[in-house]
1. Looking only at strands (runs of 3 or more DSSP E) that fall completely inside the stretch A:1-70, which ones have 2 or more residues that are touching a residue at least 24 places away in the same chain (Cβ under 8 Å) and open to solvent by 50 Å² or more (accessible area, probe 1.4 Å)?
2. Looking only at residues in the stretch A:93-103 that are open to solvent by 10 Å² or more (accessible area, probe 1.4 Å) and not in a strand (DSSP E or B), which one is farthest from the other protein chains (Cβ to nearest Cβ)?
3. Could you say which residue among A:D201, A:D210 is in the same structural domain as A:S41 (by TED's automatic domain parsing) and out of contact with any strand residue (DSSP E or B) (no Cβ under 7 Å at 6 or more places or on another chain)?
4. Considering only residues that are within 24 Å of the chain's Cα centre (by Cα) and surrounded by fewer than 20 Cβ atoms within 10 Å (Cβ to Cβ), which ones fall in the stretch A:125-144?
5. Condition first: buried (at least 19 other Cβ atoms within 10 Å of the Cβ) and within 11 Å of chain A (Cβ to nearest Cβ). Now tell me which residues in the stretch B:178-187 satisfy that.
6. Does A:S114 satisfy the criteria of being over 23 Å from the mean Cα position of the chain (by Cα) and under 25 Å from A:V182 (Cβ atoms)?
7. Is one or more of the residues making up the stretch B:230-247 open to solvent by less than 60 Å² (accessible area, probe 1.4 Å), away from chain A (no Cβ under 14 Å) and touching a Ser or Thr at 6+ places or on another chain (Cβ under 9 Å)?
Amino acid sequence: MTVQSADRPSMIEFQDVHKYYGDYHALRGITASIRAGEFFSLLGPSGCGKTTLLRTIAGFEGISSGAVMIDGKHMEHVPANQRPTNMVFQSYAIFPHLSVEQNVGFGLRRDPRSEADKAKAVAEALEMVGLKGYGARAAHALSGGQRQRVALARALILKPKVLLLDEPLSALDKKMREQMQVELIKLQRQVGITFVLVTHDQEEALVMSDRIAVMFEGEIAQLADPETLYRRPNSRRVADFIGVMNFLPATILGEANGQIQVEAAGLGRVEIETNQAPGAISEGEASVGFRPETLTILYEGQTASDRETAGTIDEVVYYGDMTYYDVRLDGVDKPVRISMRNVFGRPVLDIGTRTRVAWSAGALVLFR
Amino acid sequence: MKLPGLRLYALVYLLFLYAPIFLLPIFAFNDGTIIAFPLKGFTTSWFGQMFGNDTLARAVRNSMIIAVSSAVLATTLGIFAARAGSRFSFPGKGGIMGLIMLPLVLPEIIVAVSLLVVLLGMGMTLSVFTVILGHVLICTPYAIAILNTAFSSLDRSLEEAAVDLGETKWSTFRLITLPLVMPGIISSLLISFTISLDEFIIAFFLAGNEPTLPTYIFSQLRFPKQIPMIMALGTCLVLLSIVLLTIAEYFRRRGIARSGGKDTGGFL
């Protein structure tokens, strides 16, 4: 989590944005606001319209109806080369026939500053992305991570109001990606520019963003900060897309005093706060969801602080620092996943072990 | 070698391919009008005769004008077509592209005869210009084929990146697109030039009274006395071809090296 950004002015406004490709309805009424200086992510599966939405900010994609505003200005008649945005492309789009220096300084061609000042700006930009001394190299001789840094320096040298990043980390290996995630966050804090990131990687979005818009089929399903998105997803679909969530069938018995009475399979009778039930349901069939880490397997001698349920271990997946247990709660066919931090001296349990599981009603979310 | 038969086959093949060409310079410097062994002696007089021949000079000039104009026109048209074909999709694209590429497989004599009929019907006088028209027609498909590869291997986001960094459509084309497809353009120019230079049928039908290099050589074959001079001319043309091919290959390799690609194929 970074600084509270709720009171910051809006940098980008989408007002009921629609986009059609022929008969295909790619963006279906996007209304959202991205605040100045925040790290904002557009997250969704491929084909959900997140890249299209990003490209409407850059000006590469026109919109069929609605409005896109940047810094209070209507962008309808502003072409891509005059918008206060710069982009880091998925393929990085490093100009292969130019040197690193020429690539980074490309946007300064129309800058009235002297050549010496421009060279200084290029050197500073390269230093900022950790490529000091690489200026004279040929662009095609760089590694994937270095290309990405050149693309960043090239986009940031123009001091845009908004930096757009189109899946910039997807071509890197896992280690490099995690390192770049941290560097990008640091860089964003350092320059204070609004970053808009497109990604299909929910973990990446959670790690990097101040706020995330989850998109499905051309619509924003939920727009929230990472913690809210993870703890209080507003639909089963969002819950499923972000991390792992277990679902158990439940029957709603009634509602009283801001609490919903639920009979959940395996868990028994539970009271769930109405603010844990997005979609305002008060009767009928539903399901309760909970994250793997909200349940704890109790070892001998441990007692639950709130509620506990018995079950049998069905599967064990060992991750080194963590172990994932698939536990079949008594009375439920489908096992639920429980993640446990491994503690030195405490054995990993075997498949088939009878166990007790501790949980609390506060961690449950009720879905339609 | 495990299979000596294959080795022999390769040797015979190469001999059949290149032995006649090696005979050209031998007889070009042979002091005798009969093309046969034994050789008589060394002379450069055939080259002297070649350079003193006015009709030949005229044919060379005509051929150069035709080949350079055809190469430039075909490549320019090819750039437009390849750019449109690789960037945009429009109704009837497949059909239009197919029709443009058709002259590649159409028998040249059919193209030549029908062009002759149409041009005469339009009341045009046969000249170097009508040959250029015909050559542009047959060179353009080659130019498009070469340039299509160059344009479609160009990452579209390179152009978007340039626009994103403040360039206009035209300056993007000049600063990014053109340098990156330049090897393809040079290739296309050289191939079109070569095709036009040694094209016979269309030139024969459409040139009127103007000689071109191939039609001139063909007309001289009837005179045995002229054959050593033709050998000298052939020697010059072979040298020119080698030079052109070397230049084309140099640019192709430099293009690949500059864009950091891997070398796959090429001529040499």
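The values are calculated or read from the model by the stated rules, or taken from the named source; none is laboratory data. Please read these numbers as outputs of a predicted model, since none were measured by experiment. With ideal geometry, Cβ positions are generated from the backbone for all residues, glycine too; neighbour counts draw on all protein chains shown. All accessible areas refer to the heavy atoms of the entire protein, side chains included, with ligands and DNA or RNA removed. Shrake-Rupley method; radii C 1.70, N 1.55, O 1.52, S 1.80 Å.
1. Correct list: A:10-21, A:24-35.
2. A:E101
3. The unique qualifying residue is A:D201.
4. A:G144 - this is the single residue of the stretch A:125-144 that is within 24 Å of the chain's Cα centre (by Cα) and surrounded by fewer than 20 Cβ atoms within 10 Å (Cβ to Cβ).
5. Result: B:L180, B:V181, B:P183.
6. Judged against the criteria, A:S114 is not a match.
7. yes
A quick yes/no check of all residues on (1) surrounded by fewer than 14 Cβ atoms within 10 Å (Cβ to Cβ); (2) touching a helix residue (DSSP H, G or I) at 6+ places or on another chain (Cβ under 7 Å):
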residue	(1), (2)
A:L295	no, no
A:Y299	yes, no
A:Q302	yes, no
A:S305	yes, no
A:M322	yes, no
A:G331	yes, no
A:I338	no, yes
A:V343	yes, no
